[in-house]
């Protein structure tokens, strides 16, 4: 019989982020699929009561490690909290969201408990009493199905891979769990410095739309001249009006190191494909990209993919996008910005 622990940390506002609700959906589904299993909820944060009440219908057992020491992300405190909660629950399986905070701390927690861990999990299934997971390898070109006998087994699930938990809220009774912290602590949190690219907010992981800009935005246009400044204004205007997230091809990002004029707000943080990110958004719009395989890998998990390109024989027209608009991206985005302003 498996004892499943759903493990999550609160956000700055004391609530659970979207990826944590998705991880709860994965944990609840696993508990339902495994006969005789139990599901406990473990929360970490400065104050976990509000987060617990928000998912009050998920379980009858709520455990919490709370206090000022657990407000911010620190390896020492987060690892200690995870170990304490796993021990208190007697967990054999731990399902947690793949956040930067847990991605850094939970491998150490698994090691302290003589357990195993798998990150970037995108699928969980049960056959009889066995648990199987799926995750991608080789830049999302190969998917593997894995099982482990080692317990406890930590599973860090990726955002966008599971349906969010749909249960009801309620008044949860949270059992306080004490975590053994190192004395004295060698790490002190003095503040948070957010990443910035030219002062513009261009990365929005929860945005409903991913706007991908390719190298064509900085190339010579129909008049034989490049219009990088105009391209920057159009793209920024679209991002501000639509609140979309910005992705970029590697070729466009690399132009900055080649001495060519580039979009001023673009950085390697925006890169999708090859060594970049593989974001998950409900919709994606690619502009001025050629659709080579490395870039396609970068947005494989976008659910609805469209593209704007002047070349009807572009790679996007060969099954890599659901819809291709054969048009000038400058004119299309300018018109869309006008429509968004009117609306």
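Can you tell me which of (1) modelled with pLDDT under 95; (2) touching a strand residue (DSSP E or B) at 6+ places or on another chain (Cβ under 6 Å); (3) within 24 Å of residue 70 (Cα to Cα) is the one residue 184 doesn't meet? (2) is the only condition that residue 184 fails.
From the list 57, 29, the one residue that fits, being more than 30 Å from residue 191 (Cβ to Cβ), surrounded by fewer than 18 Cβ atoms within 10 Å (Cβ to Cβ), in the same structural domain as residue 160 (by TED's automatic domain parsing) and within 23 Å of the chain's Cα centre (by Cα), is 29.
The residues of segment 291-306 that are surrounded by fewer than 19 Cβ atoms within 10 Å (Cβ to Cβ) and modelled with pLDDT under 70, listed by number, are 292, 293, 294. Can you say whether residue 128 is out of contact with any strand residue (DSSP E or B) (no Cβ under 9 Å at 6 or more places or on another chain), farther than 29 Å from residue 53 by Cβ and surrounded by fewer than 12 Cβ atoms within 10 Å (Cβ to Cβ), as far as the supplied structure shows? It is true that residue 128 is out of contact with any strand residue (DSSP E or B) (no Cβ under 9 Å at 6 or more places or on another chain), farther than 29 Å from residue 53 by Cβ and surrounded by fewer than 12 Cβ atoms within 10 Å (Cβ to Cβ). Does residue 24 qualify as being within 18 Å of residue 174 (Cβ to Cβ) and either touching a residue at least 12 places away in the same chain (Cβ under 8 Å) or in a helix (DSSP H, G or I) (or both)? Considered against the rule, which asks whether it is within 18 Å of residue 174 (Cβ to Cβ) and either touching a residue at least 12 places away in the same chain (Cβ under 8 Å) or in a helix (DSSP H, G or I) (or both), residue 24 comes out as yes. Just one of the listed residues (126, 109) is in a helix (DSSP H, G or I) and touching a helix residue (DSSP H, G or I) at 6+ places or on another chain (Cβ under 7 Å), and it is 109.
Filtering segment 194-211 for residues that are at pLDDT 95 or above and closer than 30 Å to residue 81 by Cβ leaves an empty set.
Taking the stated definitions as given, is residue 251 part of a helix (DSSP H, G or I), under 27 Å from the mean Cα position of the chain (by Cα), modelled with pLDDT under 90 and buried (at least 17 other Cβ atoms within 10 Å of the Cβ)? The answer is yes for residue 251. When residues in segment 141-188 are screened for being in a loop (DSSP other than H, G, I, E, B), under 23 Å from the mean Cα position of the chain (by Cα) and surrounded by 13 or more Cβ atoms within 10 Å (Cβ to Cβ), 8 of them pass. Could you check, for segment 73-88, whether at least one of its residues is under 19 Å from the mean Cα position of the chain (by Cα), part of a helix (DSSP H, G or I) and in contact (Cβ under 8 Å) with a residue 40 or more places away in the chain? Checked against the condition, which is being under 19 Å from the mean Cα position of the chain (by Cα), part of a helix (DSSP H, G or I) and in contact (Cβ under 8 Å) with a residue 40 or more places away in the chain, segment 73-88 yields no hits at all.
Looking across segment 307-336, the residues that are assigned to a helix (DSSP H, G or I) and loosely packed, with under 15 Cβ neighbours inside 10 Å come down to 331, 335.
The values are calculated or read from the model by the stated rules, or taken from the named source; none is laboratory data. Predicted, not measured: the structure shown is a model, and the values here were computed from it. Here the Cβ is made from the backbone with ideal geometry for all residues, glycine too, and neighbour counts use every protein chain on show.
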